[in-house]
Amino acid sequence: MAQMWAILLGFGYAGVPLLSQILASLMQGSSNDYLSTDRAQAAALFLVESAVLVFVRSLYQRKLAAADSAHLMPRPIYKWDLPSIIAGLGSGSLALAINNAVLSGLPGAGQQSDAAGEVATMLQSHDALTTGLLFVGAAVLAPAAEELAYRGFLLPSLQRAIWTPAAVLVVAVLFGAAHLEPAGLPQLTVVGICLGSAAVACRGNLVAPTLGHVAYNSALFFGLLLGL
């Protein structure tokens, strides 16, 4: 049962872009001169990612409360120690290196994803508020929510049913597929494998994959920003 909830939660995350678009449209419909289109879209992403993080945490807590007596689910661990920090930064750096050096020659690998294209378009406004909201939403809140869902919830659930390396791979593929970017699936799967390996190596400490994910998304974000 925990595995089914975990898989549904993982794929449910694919609805975040749609929710952001709907909220941005509502905000633009009642906006004033201060809330430009770019600011509305950035604010919508920030608010949706914040809401998703709160929702995932609350769902996780409810599942923990129900499963606690039977010890069906491990509690998420957030412990800031040097090995986890090193593993986290290393996993994000390794994913970047592999995607840039090994997978860059794949068909479609050089194409900008739809999500990256939307972020780049919003960054062209050179508005400080838009840039700040985009960075926090895409490079901080999104990784925190995704890692709790995929490496905090889905990975431990699957580890109870299948071999750990297989669980890491399955979660990585689901993580990539949920982004709805077929051309970027190999790269996203690599990211998922690196982050999942960091989580396993640090015995479930989510500081490692979360920090690695933040580092990876931050590198992509500043790459877009510097490329304007």
Probe 1.4 Å, all protein chains present, accessible-area order of Leu47, Leu26, Leu185, largest first: Leu26, Leu47, Leu185
Spacing of the two label points (7 Å from each Cα toward its C-beta) at Gln124 and Ile77, in nm: 4.7 nm
At R0 = 41 Å, FRET efficiency that the Cβ-Cβ distance of Thr164 and Ser58 yields, to 0.05: 0.90
Heavy-atom accessible area order for Arg151, Arg160, largest first, 1.4 Å probe: Arg160, Arg151
Derived scalar couplings ³J(HN,Hα) [the range 145-157; Karplus, 6.51 cos²θ - 1.76 cosθ + 1.60; whole Hz; x for Gly, Pro]: 5, 5, 5, 5, 6, 8, 8, x, 10, 5, 4, x, 5
Per-residue ³J(HN,Hα) for the range 132-142, Karplus 6.51 cos²θ - 1.76 cosθ + 1.60, θ = phi - 60°, Hz, x for Gly and Pro: x, 5, 5, 5, 5, x, 8, 9, 10, 5, 4
Rough spin-label spacing in nm, given labels placed 7 Å along Cα→Cβ, for Ile22 and Asn100: 3.8 nm
Accessible carbon and sulfur surface of the range 158-215 relative to its total accessible area, %, 1.4 Å: 72 percent
5 angstrom amide H check on Ile77, placed H, neighbours 5+ away: Leu206
In Å², nearest 10: area of Leu211 left accessible to a 1.4 Å probe: 40 Å²
Diffusion coefficient, µm² s⁻¹, Stokes-Einstein with Kirkwood Rh over alpha-carbon pairs of the range 129-228 at 20 °C and 1.002 mPa s: 155 µm²/s
Environment charge of Leu188, counting only residues whose C-beta is closer than 15 Å and scoring Lys/Arg +1, Asp/Glu -1: -3
Listed residue (Gly176, Pro156, His213) projecting farthest to the positive dipole end of the range 90-228, Cβ model: Pro156
Accessible heavy-atom area order of Met27, Met122, highest first, probe of 1.4 Å: Met27, Met122
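The values are calculated or read from the model by the stated rules, or taken from the named source; none is laboratory data. None of the values given here were measured: they were computed from a predicted structure. Using ideal geometry, Cβ is built from the backbone for each residue, glycine included, and neighbour counts are taken over all protein chains shown. Note: areas computed on protein heavy atoms with side chains; ligands, DNA, RNA excluded. Shrake-Rupley method; radii C 1.70, N 1.55, O 1.52, S 1.80 Å.
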